[in-house]
């Protein structure tokens, strides 16, 4: 592990230089707020951007992604035989993401990279990607990431963690991928390891002081699934919900998807789209029977998945990194912090 | 109102046609369809509301 | 409007105490600055949770449908701004909800504020917002601003001509003066003045960030179909991916399904996480409904909507 | 590791109308690439995604048995977009099969045990697979008594009729075939609903007896108390569940009951396990 100093006057030049190797993604600002986008040459990531409305999960897991294709023309030798859709998995670097978003990607990895099956689309994209995060000196008011196993200077899932020191970045290079990225940018001004680490520790401590939400999650694991499921509070939690998919789409850890086929002329494509447990269609059987037919069922599913099923299944804490995006974007102000507290404190009478 | 909204969205009004044809008016139906297809053919291919599968 | 809340609470307490209503649907305070949360109040003790302020931008008619009416003789009470009341009337005109099941607590409304407009004035995230009459005091870590409500009104509220509920059971305050507008649809006129390609590009740019979360649809009281056309699989009317043609089709058809029914309440835009002004679609239809049929939705329980009835003098020059 | 979304290409080798109302058809598939059959090694109780390019995929229980070689068989009820399309396909058409998916009936645990198979309607597919597997000369000695209770609305709605009547003639399996009702004066078997037949004719439980139940929700609902009355413990009642699925490999997230995914942790669960989860199926 080593530290590098990057003078901000060299930053842009370095990023442009790395384009020889990397496709660059980063936050950009438009009239609808900040978004993570692929940056064309000359386009620079806004490193001090507000939290992006959408998380960086789409870099590995696009909202719509073609997975298989087939030719339906029966005169062709291989008609109706599906093939993997062509995608490029050349190296890409995601710059300026927040540390909690890097942890989120590690949580999503639990789903896509398992001992039984490996999702090749997500995993290939993951392997091609270098994550360059930036420590948050001033976490947003919605940030509760210190309660979710990370924090404003968390290193989990990052290849490089930058600290913003006004005129320069101090970069903590965490992995070989991170080293390769720094080399491709030509960032090579080493910094003293001991001093730098002290500085990181101070920044981390200062930043964490700014997070006022301390969310209790300690008692979730010991509760029974059925007790929480049958608890009386779900009707109240769900009342205001309009069952849009906003919370799940803005969430960096929500991984559920749908698979759809389309054809045009003699070409068929199978692709996957993000899906949302908020939609009745998500679980509707072909027979018309729906095991989660009411919105109370669906709201409960979302919170039970994040705050209980996931906790029990993986023993990695809750399926939430505390970014606060769902809290900020929910049209009816359903607040996962409140629901988590209710669940954590619930005792069956 | 549908036509107006489509036009407002930038769709060529000549691509949308409303006619009242009774099931008994076969000749009128043929004439109208012919007229519309000629008109649309003259306008050429549109990219609006047409899915691009080349990507 | 700001004294309304005390009156609203008093009305609700009475209604719940004498059993006339099973519950009151209103707004409660939110957990973050500039937010409110729809709530169903069923006990007198919970009446205190009700608020009414400049951030009650959703439409509560959305929480009344034929599936959630009380089974017995009781009613549901709804705290209703002009637009909420008009959408309740639309529910009734469309035979979704009988008039006698709903108790409308009318609120004379001076408009809701546009949170994005406020957020844009700040470098960083807003941490606190308080309202005192027509003035908002908004604070972030770096700055504090005192903002006049009228300067940050939502677009639909700026062009609202029915701030007072046209139909109600009781009013919670004196009616406010209605606005008279010389130009009720300048935004529609502006788009209409562009050439067709520019108009097409305008709508393409407008919807480019759409994530198809359907918050616009689900926040809308008009969208009560048991199965929406986008969710239909047989036939499948529209693709489910992020193809721009599918996105445009969704927005165009969603809007068209609101033709002659939309009250321009702005809940769709309020709900959109991506800040898309989907009212650019519906406003054109509202303008046409007014120009062609002299119609504004939700004003009258006894008049049928123009697309519901045939009249010999309906405009028919589009039929060739 | 291979791409788990990639179906094996197959050819439809045979299509057989399975019930008198033509709502079910049995499809026999042959793998286009000879090596794929080996890769598709499955156990009775598993399912697969039938995959039609440009139309979609459907999860269907495997009706053929691991002891039957050279083909795989699925019996499909016509209900949604994909199944309707499949019903209109013809012999020789090319499509795909993805699997095998999910877990299977606990064959190791069932060795040296009495097995009672209870099925209703068109949920008899993986049960057929199981019966053929157990009756195979190489396997029959591994199990003690085998009882089968199978019911349908009418005689014409029974699946695999010829096999049923063949099994009926054998002395190493006790068949209890029933129909809800029939006008046929020659009907030689039971009349009545499955739960009643279970209560009257299924063996009472001892610690060496297990029941496998697969059928429509209403049948399951009333069969459970019948089994309990016969002394079956919840962990002796083995069930196969269905939920809406897409990926079949535990990733797409929709088919969960509690923390269990029906597609990957299931579809086979004991009643004891199901009692620990929310009943969202």
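So the values come out like this:
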{"read-out": "All positions within the range A:318-349 that are part of a loop (DSSP other than H, G, I, E, B), more than 10 Å from chain C (Cβ to nearest Cβ) and buried (at least 20 other Cβ atoms within 10 Å of the Cβ)", "value": "A:318, A:319, A:320, A:321, A:322, A:323"}
{"read-out": "Residues satisfying the stated conditions in the range C:16-34, i.e. at the interface with another protein chain (Cβ under 9 Å from one of its Cβ atoms), more than 18 Å from residue C:63 (Cα to Cα) and without any contact (Cβ under 8 Å) to a residue 60 or more places away in the chain", "value": "C:31, C:32"}
{"read-out": "Selected residue (only one of A:135, A:186, A:157, A:149 is away from every other protein chain (no Cβ under 14 Å), touching a residue at least 24 places away in the same chain (Cβ under 8 Å) and under 20 Å from residue A:9 (Cβ atoms))", "value": "A:186"}
{"read-out": "Lone unmet requirement of (1) assigned to a loop (DSSP other than H, G, I, E, B); (2) within 14 Å of chain B (Cβ to nearest Cβ); (3) closer than 25 Å to residue C:274 by Cα for residue C:236", "value": "(3)"}
{"read-out": "From the options C:151, C:201, C:189, C:174, residue that is out of contact with any strand residue (DSSP E or B) (no Cβ under 8 Å at 6 or more places or on another chain), more than 14 Å from chain B (Cβ to nearest Cβ) and either assigned to a helix (DSSP H, G or I) or free of Cβ contacts under 8 Å to residues at least 40 places away in the same chain (or both)", "value": "C:151"}
{"read-out": "Out of C:210, C:216, sole residue that is surrounded by 15 or more Cβ atoms within 10 Å (Cβ to Cβ) and in a loop (DSSP other than H, G, I, E, B)", "value": "C:210"}
{"read-out": "Within the range D:258-269, considering residues that are in a loop (DSSP other than H, G, I, E, B) and in contact with a strand residue (DSSP E or B) (Cβ under 8 Å, 6 or more places away or on another chain), the one surrounded by the fewest Cβ atoms within 10 Å (Cβ to Cβ)", "value": "D:264"}
{"read-out": "Conditions (1) within 14 Å of chain A (Cβ to nearest Cβ); (2) surrounded by fewer than 15 Cβ atoms within 10 Å (Cβ to Cβ); number of the one not met by residue D:172", "value": "(1)"}
{"read-out": "Qualifying residue in the range C:36-45 (condition: away from every other protein chain (no Cβ under 11 Å) and in contact (Cβ under 8 Å) with a residue 12 or more places away in the chain)", "value": "yes"}
{"read-out": "Residue in the range A:32-48 that is away from chain D (no Cβ under 14 Å), in contact (Cβ under 8 Å) with a residue 40 or more places away in the chain, in contact with a strand residue (DSSP E or B) (Cβ under 8 Å, 6 or more places away or on another chain) and surrounded by 21 or more Cβ atoms within 10 Å (Cβ to Cβ) present", "value": "yes"}
{"read-out": "Residue in the range D:1-9 that is within 14 Å of chain A (Cβ to nearest Cβ), part of a strand (DSSP E or B) and at pLDDT 95 or above present", "value": "yes"}
{"read-out": "Conditions (1) more than 9 Å from chain A (Cβ to nearest Cβ); (2) farther than 23 Å from residue A:290 by Cβ; number of the one not met by residue C:250", "value": "(2)"}
{"read-out": "Some residue of the range A:39-60 being under 30 Å from residue A:266 (Cα atoms) and part of a loop (DSSP other than H, G, I, E, B)", "value": "yes"}
{"read-out": "Single residue of B:36, B:21 found to be more than 25 Å from residue C:282 (Cβ to Cβ), more than 7 Å from every other protein chain (Cβ to nearest Cβ) and buried (at least 16 other Cβ atoms within 10 Å of the Cβ)", "value": "B:36"}
{"read-out": "Residue match in the range C:302-312 (condition: touching a helix residue (DSSP H, G or I) at 6+ places or on another chain (Cβ under 6 Å), outside any helix (DSSP H, G or I) and surrounded by fewer than 18 Cβ atoms within 10 Å (Cβ to Cβ))", "value": "no"}
{"read-out": "Selection within the range D:191-223 - closer than 28 Å to residue A:289 by Cβ, in contact with a helix residue (DSSP H, G or I) (Cβ under 8 Å, 6 or more places away or on another chain) and assigned to a strand (DSSP E or B)", "value": "D:210, D:211, D:212, D:213, D:214"}
{"read-out": "Wholly enclosed strands (runs of 3 or more DSSP E) of the range C:1-84 bearing at least 2 residues closer than 25 Å to residue C:128 by Cβ", "value": "C:21-29, C:36-41"}
{"read-out": "Unique match (being surrounded by 20 or more Cβ atoms within 10 Å (Cβ to Cβ) and over 30 Å from residue C:23 (Cβ atoms)) among A:253, A:263, A:217, A:213", "value": "A:253"}
{"read-out": "In the range B:2-17, residue nearest to the other protein chains (Cβ to nearest Cβ) [restricted to those that are surrounded by 19 or more Cβ atoms within 10 Å (Cβ to Cβ) and not in a helix (DSSP H, G or I)]", "value": "B:10"}
{"read-out": "Count - residues of the range C:277-301 that are touching a residue at least 40 places away in the same chain (Cβ under 8 Å) and part of a loop (DSSP other than H, G, I, E, B)", "value": "8"}
{"read-out": "So residue D:254, is it within 14 Å of chain A (Cβ to nearest Cβ), in contact with a helix residue (DSSP H, G or I) (Cβ under 9 Å, 6 or more places away or on another chain), buried (at least 23 other Cβ atoms within 10 Å of the Cβ) and assigned to a loop (DSSP other than H, G, I, E, B)", "value": "yes"}
{"read-out": "Check on residue C:164, modelled with pLDDT of 95 or more and in a loop (DSSP other than H, G, I, E, B)", "value": "yes"}
{"read-out": "Enumerated helices (runs of 4 or more DSSP H) restricted to the range D:20-130, each holding at least 1 residues that are in contact with a strand residue (DSSP E or B) (Cβ under 9 Å, 6 or more places away or on another chain), within 14 Å of chain A (Cβ to nearest Cβ) and more than 17 Å from residue D:8 (Cβ to Cβ)", "value": "D:81-87"}
{"read-out": "Members of the range C:107-131 that are surrounded by fewer than 14 Cβ atoms within 10 Å (Cβ to Cβ) and either free of Cβ contacts under 8 Å to residues at least 24 places away in the same chain or in contact with a helix residue (DSSP H, G or I) (Cβ under 9 Å, 6 or more places away or on another chain) (or both)", "value": "C:120, C:123, C:130"}
{"read-out": "Residue in the range D:270-278 that is over 30 Å from residue A:270 (Cβ atoms), more than 14 Å from chain A (Cβ to nearest Cβ) and touching a residue at least 60 places away in the same chain (Cβ under 8 Å) present", "value": "no"}
{"read-out": "Test: residue in the range D:270-281 that is in contact with a strand residue (DSSP E or B) (Cβ under 8 Å, 6 or more places away or on another chain), under 19 Å from residue D:119 (Cβ atoms) and not in a helix (DSSP H, G or I)", "value": "yes"}
{"read-out": "Output for the range A:85-118, where each listed residue is in contact with a strand residue (DSSP E or B) (Cβ under 6 Å, 6 or more places away or on another chain) and within 12 Å of another protein chain (Cβ to nearest Cβ)", "value": "A:85"}
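The values are calculated or read from the model by the stated rules, or taken from the named source; none is laboratory data. These numbers were taken from a predicted model, which means no experiment stands behind them. In this analysis, Cβ positions are derived from the backbone assuming ideal geometry, glycine residues included, and neighbour counts consider all displayed protein chains.
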